[in-house]
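Reading through the structure tokens given below for one structure.
The values are calculated or read from the model by the stated rules, or taken from the named source; none is laboratory data. Note that the structure is predicted; figures quoted are calculated from it, not measured. Quick reminder, even Gly has a Cβ in these numbers, built from the backbone with ideal geometry, and neighbours come from all protein chains shown. Surface accessibility is based on the protein's heavy atoms, side chains included, excluding ligands, DNA and RNA. Shrake-Rupley method; radii C 1.70, N 1.55, O 1.52, S 1.80 Å.
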Amino acid sequence: MENFVYYKPQTLKECVSLLEEHPDAALLNGGTDLIIQMREGLRIPTDIIDIKNIPDLQGIKVGPDEIFIGGAVTMSQVYDHPELSKLFPYLCDAARSVGSIQIRNRATIAGNLVNASPLADTATPLLCLEAVIHTYGPNGTREIPLNEFFVFVRKTLLEPNEVVTGISFKPDALDKAVFTKLSRRNEVDLSTVCCSVGRKGGEYRIAFGSVAPTPLRLLDVEAYLKDKELTDDVRREAAEIARGTVSPISDVRASKEYRLDMVANILEDALAILQKEG
Amino acid sequence: MSTEFVGKSVKRVDGVKKVTGSLKYVDDLKMSKMYYTAIKRSPYPHAKILSINLEKAKELKGVKDIITGDLFTKRGGLYLQDKNFLAVGKVRYRGEAVVAVAAITEEIAHKAVSLIEVEYEEMPAVTNAVEGMKPGAPLVHPDLGEYKVAPVFFPVPGTNISNHYRLRKGNVDEAFEKADHVVENKFYIPHIQHTPIENHVAIAQAEIDGTIQIWASCQSPFAVRQAISHDFDIPMNKVRVMSPAVGGGFGSKGGTTLEGILVPLAQRNPGHPIKLTYSREDEFQNAYVRQGLHATIKTGIMNDGNIIAVQNEFIWDGGAYNEYGVNIAKAAGYASSGPYDIENVWTDSYCVYTNHPVGGPYRGFGMGEMHFGIEQNMDILAEKVGISPVEIRRINGMRPGGVTGTGEVVEVAGLQECLEIVAERLKVEEKEAPSAPHKLRGKGIASGWKAPSMPNTAASSAIIKLNEDGTAHLMVSAQDIGQGSDTIMTQIAAEVLSISPDKITIRTGDTDHTPYEWQTVASRITYSAGRATYEAAMDAKNQLIELAQIKLGVYGRDLELKDGFIVAKYHPEKRVSIASLAIGLVFDDGSAVHGPIIGRGAFIPPNIRDADKETGLGDHPVAFWTYGVQGVDLEVDTRTGKVDILRVISCFDVGKVMNPQLLEGQVEGAIMQSLGTALFEELMLKDGKVLNPSFVDYKIPTSEDMPEMEIYFVENPEETGPFGARGVAEPAMVPAAPATANAIFDATGIRMYTMPMTAERIYEALKQKGVSK
């Protein structure tokens, strides 16, 4: 690992000016992706800007119109939050499925999204919740819908000098949802395939990870399912459409063929749970 | 015999230091004037080294020395001298060490490595052992015929075969003619890694008089000394190897590993300790790996379930250097019948050079790999003749008086007792319901056996020094690599001397100060070092009794040691304390005799003889056999192919349970390691490249994966072992993997011929069978 200069700004403003001054700087939030990338030489930042204690990035706000998760909120803060775990168990399940306890005490939801891995575990429930990314940069604040945020593998709409200040979504975005993660080992593993399936009235929202260059919504399947009763045949047909919509690759974790089968099986089973539990 | 400390769950003597983190491992050692090493490694599996340009690296500030292989061309190796610590002339695997840099910081050393330019000419590579055996395959070691080799191994010059082990008992061809059924099955077991929690690390320092001091995380300080002495022509009194603590080995720190890279750097920079710590990526690619195995097993069975012949072909993918791996082919060869009494046995076990990472010792030493085939084969045969998996093992399983594949008559064999206990506890023939409609439940059992895979002369020694206050120091060179040997040795000494374990301090791992031990491998430490410790304690005890009989006027035969005293059995009021005799016996007139009491113990397993070179037959080729059975109850998810292990039952004949708590823990660990190989672990190799050199994509089980485990033992004593004990560390990881495969078959009707049995592989098979869609 190369040497770097370490900064610890106290405000977002200070943070953004540091970013402007140091074009090869990296933001350190949880650090669970950054440190690994630095160790492997994939990123060689000249400066590290530690944002994890900036007051504006802290806290979870549960309001009547909006849930807001601060940019420095960790995975374990999410699933340990009494209201979030009651209202959004599938989001908490996703957060709990990331890494180990030690990692989850450091890793942040914002970092998970900004890292833009195709298999980001917390991306699929947030896509179903139609979450919005809040940013702060030299030109002020922006709000970016999560389903537009991911551009490609490890590429997002975030500008170089911007910071994610938080993630928000509507409290009533979904009536119910199910998170499923398939991995080689149950604990401390990356997703082979991960998925969230949610229902709002007669509409369904379906998002998958590790089946395309970015986590993605399966809009064709959602359109097919709209206002339909979830019979065995409907679920099977939805699974078949899903199989045709995604484009997984083969890698050391699984083959493309297995992932395609798992997309179909997981979706079919998740829909069955929604159907059964109403 | 009633015992006070042996057989009791004495707390680990190293426990507090390990749990609190206060124990200093080699990587914790910081010394003044230390240089740090980094290694330039080969990017090709097989290539000629054309040129090495060190100029830019040498100019880097902080770089102190750089060495290449052509400076030290003498080959070494434990059984077959085929290895240099740095590549000479060509590289034979991707990751082979080519250049070593010493610098004032690790960062500078790594930076220097990136500045070294090596020009290679790629050569055709051997990336499959079966292909590598064929005539015309590229030769990994064209000079094999010139290499020095121990006389019990059989390299085939002009080929990639580094050892061709043969076993020929009876007449298999005739037996196959006679058999009611003949079946042949093929199995493949991939390379895996040991993944000890502590990476390999060593420090070497040269003194002005030429003495080399080495601190290494190693299982076998004396094996390291032997290798360094040989390879660098240094007399043994000028090589000191210390292994202060080892954070897990599982075989990967057996023999010699990275120490030899450091010795020349130390010699060229006297006074500077030279340190090298492997990264986790190094561990996966550049430390020993468990060899791959291609196994073909052909068996002849009669309708009554009696197996009359077996013919095995084992082809071991030994990797680039087979100095240690040749013995895995041998060990598997002489154990190739499995724990069964079979009249006709024919085995060819080949260790084959490939351009893969270097194979070496791994817990089980060939048994885990081989039994994955043997034990599934048993179930296949049982089904063929319509008997149960338990019954076929009852019929063919070893019993006292049975005969092994090499023709040895076995006197002690607890296999049948283990089988009945596991069958009963697992309720193996009772179908139980799965937890959900899309799951299938099944049970399977497997047997296993193993002998210590060591030279006939593998010896141990121990010294016990009594202190003036009646406490003692015990010195052995058995290394506690997590298995608990420090505690077991202490218990043995405590038992014989009748002083409590907390009054004995054990010191290990310093070739200048602790006595000879061949290696901490082969499940031989409780047996062999334990026996030496027993002898040392008996020697000290005899000296005490000799003095006490003078002091007490009681004949030695009527004296015993009790709670720190030598006591007259029939007149317990007559007694003298160990403390008062520790430095000698003092008479009433003030004069004294004898001097300090030092007990000496030595052990070499008795009467182990070489087998016949042509046939492999031998009446006593190993110290003992350890037998056991494990059973697995599991579920398979037909939607994903995932296996959930519900319960594992284990029973081994250990001769004597020395410490119930430690032994149970050791067996549980062994089961988890076995399940890891069964379900997750594979070093994925493509064109000689390891595709998953990290824990991100090489998965071992976590505590969450632990099933309910029931651990049982039977105790048929091993007469040459201390208190009747025999080894179990490795045998205990043998059966769980094939038992898992047999349980998967029981659940699904699919046979898995390859490890690991990943969810994807099982799902694929279920789909082909029409169970999953």
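Would you mind listing the strands (runs of 3 or more DSSP E) fully within segment B:147-211 where at least 1 residues are out of contact with any Ser or Thr (no Cβ under 8 Å at 6 or more places or on another chain) and open to solvent by less than 20 Å² (accessible area, probe 1.4 Å)? It would help to see each step written out before you state the result.
Values: elements: B:161-169, B:181-189, B:201-206.
By residue number, B:161-169, B:201-206.
Name the helices (runs of 4 or more DSSP H) wholly within segment A:186-278 that hold at least 2 residues that are open to solvent by less than 30 Å² (accessible area, probe 1.4 Å), within 13 Å of chain B (Cβ to nearest Cβ) and over 30 Å from B:Lys686 (Cα atoms)? Give the derivation first.
Numbers: elements: A:219-225, A:232-245, A:256-277.
Per the criteria, A:256-277.
Is there a residue being assigned by TED's automatic domain parsing to the domain that holds B:Thr257, open to solvent by less than 20 Å² (accessible area, probe 1.4 Å) and within 30 Å of the chain's Cα centre (by Cα) anywhere in segment B:53-62? Let's see the steps before the verdict.
As a first pass, look at segment B:53-62 and keep what is assigned by TED's automatic domain parsing to the domain that holds B:Thr257: B:53-62.
Applying the additional criterion that residues be open to solvent by less than 20 Å² (accessible area, probe 1.4 Å) yields B:57, B:62.
Next cut, within 30 Å of the chain's Cα centre (by Cα) only: none.
No, segment B:53-62 contains no residue that is assigned by TED's automatic domain parsing to the domain that holds B:Thr257, open to solvent by less than 20 Å² (accessible area, probe 1.4 Å) and within 30 Å of the chain's Cα centre (by Cα).
When you scan segment A:66-159 for strands (runs of 3 or more DSSP E) that lie fully inside it, which ones turn up with 3 or more residues that are open to solvent by less than 20 Å² (accessible area, probe 1.4 Å)?
On the way: elements: A:67-70, A:132-137, A:140-145, A:150-152.
The qualifying strands (runs of 3 or more DSSP E) are A:67-70, A:132-137.
Could you give every pair whose Cβ atoms fall below 7 Å, whose first residue belongs to segment A:249-278 and is in the same structural domain as A:Val193 (by TED's automatic domain parsing), and whose second residue is acidic (Asp, Glu) and in a helix (DSSP H, G or I), counting only separations of at least 6 or pairs across chains?
Between residues of segment A:249-278 that are in the same structural domain as A:Val193 (by TED's automatic domain parsing) and residues that are acidic (Asp, Glu) and in a helix (DSSP H, G or I), the close pairs are A:Ala254/B:Glu760; A:Ser255/B:Glu760; A:Tyr258/B:Glu760; A:Ala264/A:Glu240.
Output the number of residues of segment B:676-708 satisfying the condition of being more than 14 Å from chain A (Cβ to nearest Cβ), open to solvent by less than 30 Å² (accessible area, probe 1.4 Å) and either within 30 Å of B:Leu415 (Cα to Cα) or hydroxyl-bearing (Ser, Thr, Tyr) (or both). I'd like the intermediate steps shown before the answer.
Kept after step one, since they are more than 14 Å from chain A (Cβ to nearest Cβ), are these residues of segment B:676-708: B:687-688, B:708.
Filter again for open to solvent by less than 30 Å² (accessible area, probe 1.4 Å), leaving B:688.
Still in the running and either within 30 Å of B:Leu415 (Cα to Cα) or hydroxyl-bearing (Ser, Thr, Tyr) (or both): none.
Adding up the residues that qualify gives 0.
Tell me, which strands (runs of 3 or more DSSP E) wholly within segment B:227-303 include 3 or more residues that are in contact with a Phe, Trp or Tyr (Cβ under 6 Å, 6 or more places away or on another chain) and open to solvent by less than 30 Å² (accessible area, probe 1.4 Å)? Break it down stepwise before answering.
Details: elements: B:239-242, B:274-277, B:292-301.
Result: B:292-301.
Got at least one residue in segment B:354-371 being over 25 Å from B:Arg647 (Cα atoms) and aliphatic (A, V, I, L, M)?
yes
Just a yes or no: is a residue in segment B:28-35 within 23 Å of B:Thr256 (Cα to Cα) and under 29 Å from the mean Cα position of the chain (by Cα)?
Taking every residue of segment B:28-35 in turn, at least one turns out to be within 23 Å of B:Thr256 (Cα to Cα) and under 29 Å from the mean Cα position of the chain (by Cα).
Where residues in segment B:741-773 are surrounded by 19 or more Cβ atoms within 10 Å (Cβ to Cβ) and closer than 21 Å to B:Gln291 by Cβ, which of them is farthest from the other protein chains (Cβ to nearest Cβ)?
B:Ala741
For segment B:1-22, which residues satisfy the criterion of being out of contact with any strand residue (DSSP E or B) (no Cβ under 9 Å at 6 or more places or on another chain) and either β-branched (Val, Ile, Thr) or assigned by TED's automatic domain parsing to the domain that holds B:Leu474 (or both)?
Taking segment B:1-22 and keeping what is out of contact with any strand residue (DSSP E or B) (no Cβ under 9 Å at 6 or more places or on another chain), we get B:1-12, B:15-22.
Within segment B:1-22, B:Thr3, B:Val6, B:Val10, B:Val16, B:Val19, B:Thr20 meet the criteria.
Those residues that are in contact (Cβ under 8 Å) with a residue 60 or more places away in the chain, within 14 Å of B:Ala536 (Cα to Cα), of a type in the set (A, V, I, L, M, F, W, C) and not in a strand (DSSP E or B), I need them from segment B:481-507; list them, please.
B:Ile492, B:Ala494, B:Val496, B:Leu497
Of everything in segment A:161-185 that's within 11 Å of another protein chain (Cβ to nearest Cβ) and touching a Lys or Arg at 6+ places or on another chain (Cβ under 6 Å), which residue is most open to solvent (accessible area, probe 1.4 Å)?
It comes out as A:Arg184.
Being hydroxyl-bearing (Ser, Thr, Tyr) and touching a strand residue (DSSP E or B) at 6+ places or on another chain (Cβ under 7 Å) is the filter; apply it to segment B:80-115 and report the residue that is surrounded by the most Cβ atoms within 10 Å (Cβ to Cβ). Can you show your working first?
Start the filter on segment B:80-115 by keeping residues that are hydroxyl-bearing (Ser, Thr, Tyr), which leaves B:93, B:105, B:114.
Those still in the list that are touching a strand residue (DSSP E or B) at 6+ places or on another chain (Cβ under 7 Å) too: B:93, B:105.
On the way: B:Tyr93: 26, B:Thr105: 12.
So, considering only residues that are hydroxyl-bearing (Ser, Thr, Tyr) and touching a strand residue (DSSP E or B) at 6+ places or on another chain (Cβ under 7 Å), the one surrounded by the most Cβ atoms within 10 Å (Cβ to Cβ) is B:Tyr93.
For segment B:550-590, which residues satisfy the criterion of being hydroxyl-bearing (Ser, Thr, Tyr) and either in contact with a helix residue (DSSP H, G or I) (Cβ under 9 Å, 6 or more places away or on another chain) or modelled with pLDDT under 95 (or both)?
Pass one, segment B:550-590, residues hydroxyl-bearing (Ser, Thr, Tyr): B:555, B:570, B:577, B:580.
Matches in segment B:550-590: B:Tyr555, B:Tyr570, B:Ser580.
Would you check if B:Arg639 is touching a His at 6+ places or on another chain (Cβ under 6 Å), open to solvent by 20 Å² or more (accessible area, probe 1.4 Å) and of a type outside the set (A, V, I, L, M)? Give the steps one after another, and end with the answer.
Values: touching a His at 6+ places or on another chain (Cβ under 6 Å): yes; open to solvent by 20 Å² or more (accessible area, probe 1.4 Å): yes; of a type outside the set (A, V, I, L, M): yes.
Yes.
For residues that are in contact (Cβ under 8 Å) with a residue 40 or more places away in the chain and within 13 Å of chain A (Cβ to nearest Cβ), tally how many sit in segment B:648-675.
Of the residues in segment B:648-675, 1 are in contact (Cβ under 8 Å) with a residue 40 or more places away in the chain and within 13 Å of chain A (Cβ to nearest Cβ).
Quick check on segment B:520-537. Is at least one of its residues over 20 Å from the mean Cα position of the chain (by Cα), open to solvent by 40 Å² or more (accessible area, probe 1.4 Å) and outside the structural domain of B:Val241 (by TED's automatic domain parsing)?
Among the residues of segment B:520-537, at least one is over 20 Å from the mean Cα position of the chain (by Cα), open to solvent by 40 Å² or more (accessible area, probe 1.4 Å) and outside the structural domain of B:Val241 (by TED's automatic domain parsing), which makes the answer yes.
Does any residue of segment B:507-516 turn out to be more than 30 Å from B:Met236 (Cβ to Cβ) and either surrounded by fewer than 23 Cβ atoms within 10 Å (Cβ to Cβ) or touching a Ser or Thr at 6+ places or on another chain (Cβ under 9 Å) (or both)? It would help to see each step written out before you state the result.
Looking only at segment B:507-516, we keep the residues that are more than 30 Å from B:Met236 (Cβ to Cβ), and these are none.
No; the residues of segment B:507-516 include none that is more than 30 Å from B:Met236 (Cβ to Cβ) and either surrounded by fewer than 23 Cβ atoms within 10 Å (Cβ to Cβ) or touching a Ser or Thr at 6+ places or on another chain (Cβ under 9 Å) (or both).
Residue by residue, here is whether (1) open to solvent by 20 Å² or more (accessible area, probe 1.4 Å); (2) in contact with a strand residue (DSSP E or B) (Cβ under 7 Å, 6 or more places away or on another chain); (3) without any contact (Cβ under 8 Å) to a residue 12 or more places away in the chain holds:
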position: B:Ile342; (1), (2), (3): no, yes, no
position: B:Val345; (1), (2), (3): no, yes, no
position: B:Ser349; (1), (2), (3): no, yes, no
position: B:Asn355; (1), (2), (3): no, no, no
position: B:Gly366; (1), (2), (3): no, no, no
position: B:Asn377; (1), (2), (3): no, yes, no
position: B:Ile380; (1), (2), (3): yes, yes, no
position: B:Gly386; (1), (2), (3): yes, no, yes
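Restrict the check to segment B:212-220 and report whether at least one residue is farther than 19 Å from B:Asp82 by Cα, modelled with pLDDT of 95 or more, assigned to a loop (DSSP other than H, G, I, E, B) and touching a helix residue (DSSP H, G or I) at 6+ places or on another chain (Cβ under 7 Å). Can you show your working first?
Within segment B:212-220, the first condition is being farther than 19 Å from B:Asp82 by Cα, and the residues that meet it are B:212-220.
Then drop every residue that is not modelled with pLDDT of 95 or more, which leaves B:212-220.
Next cut, assigned to a loop (DSSP other than H, G, I, E, B) only: B:217-220.
Checking which are touching a helix residue (DSSP H, G or I) at 6+ places or on another chain (Cβ under 7 Å) leaves us with B:217-218.
Yes, there is a match, as at least one residue in segment B:212-220 is farther than 19 Å from B:Asp82 by Cα, modelled with pLDDT of 95 or more, assigned to a loop (DSSP other than H, G, I, E, B) and touching a helix residue (DSSP H, G or I) at 6+ places or on another chain (Cβ under 7 Å).
Output the qualifying pairs, or none if there are none: Cβ atoms under 8 angstrom, residues six or more apart or on different chains, first residue in segment B:170-181 and under 14 Å from B:Asn303 (Cα atoms), second residue of a type in the set (Lys, Arg) and part of a helix (DSSP H, G or I).
From segment B:170-181, the pairs are B:His181/B:Lys384.
Could you say whether any residue in segment B:203-210 is under 26 Å from B:Tyr79 (Cβ atoms) and among the β-branched types (Val, Ile, Thr)?
Residues of segment B:203-210 that are under 26 Å from B:Tyr79 (Cβ atoms), as a first pass: B:204.
Then keep just the ones that are among the β-branched types (Val, Ile, Thr); that gives none.
There is no residue in segment B:203-210 that is under 26 Å from B:Tyr79 (Cβ atoms) and among the β-branched types (Val, Ile, Thr).
Going by the structure shown, is B:Asp644 open to solvent by less than 10 Å² (accessible area, probe 1.4 Å) and either hydroxyl-bearing (Ser, Thr, Tyr) or not in a loop (DSSP other than H, G, I, E, B) (or both)?
Working: open to solvent by less than 10 Å² (accessible area, probe 1.4 Å): no; either hydroxyl-bearing (Ser, Thr, Tyr) or not in a loop (DSSP other than H, G, I, E, B) (or both): yes.
No, not satisfied.
Any residue at all in segment B:457-480 that is small (Gly, Ala, Ser), part of a loop (DSSP other than H, G, I, E, B), under 30 Å from B:Glu391 (Cβ atoms) and open to solvent by 10 Å² or more (accessible area, probe 1.4 Å)? Please lay out each step first, then the result.
If we filter segment B:457-480 for residues that are small (Gly, Ala, Ser), which is where we start, we get B:458-462, B:470, B:472, B:477-478.
From what is left, the residues that are part of a loop (DSSP other than H, G, I, E, B) are B:458-459, B:470, B:477-478.
Narrowing further to those that are under 30 Å from B:Glu391 (Cβ atoms): none.
Looking for residues that are small (Gly, Ala, Ser), part of a loop (DSSP other than H, G, I, E, B), under 30 Å from B:Glu391 (Cβ atoms) and open to solvent by 10 Å² or more (accessible area, probe 1.4 Å), one finds none in segment B:457-480, hence no.
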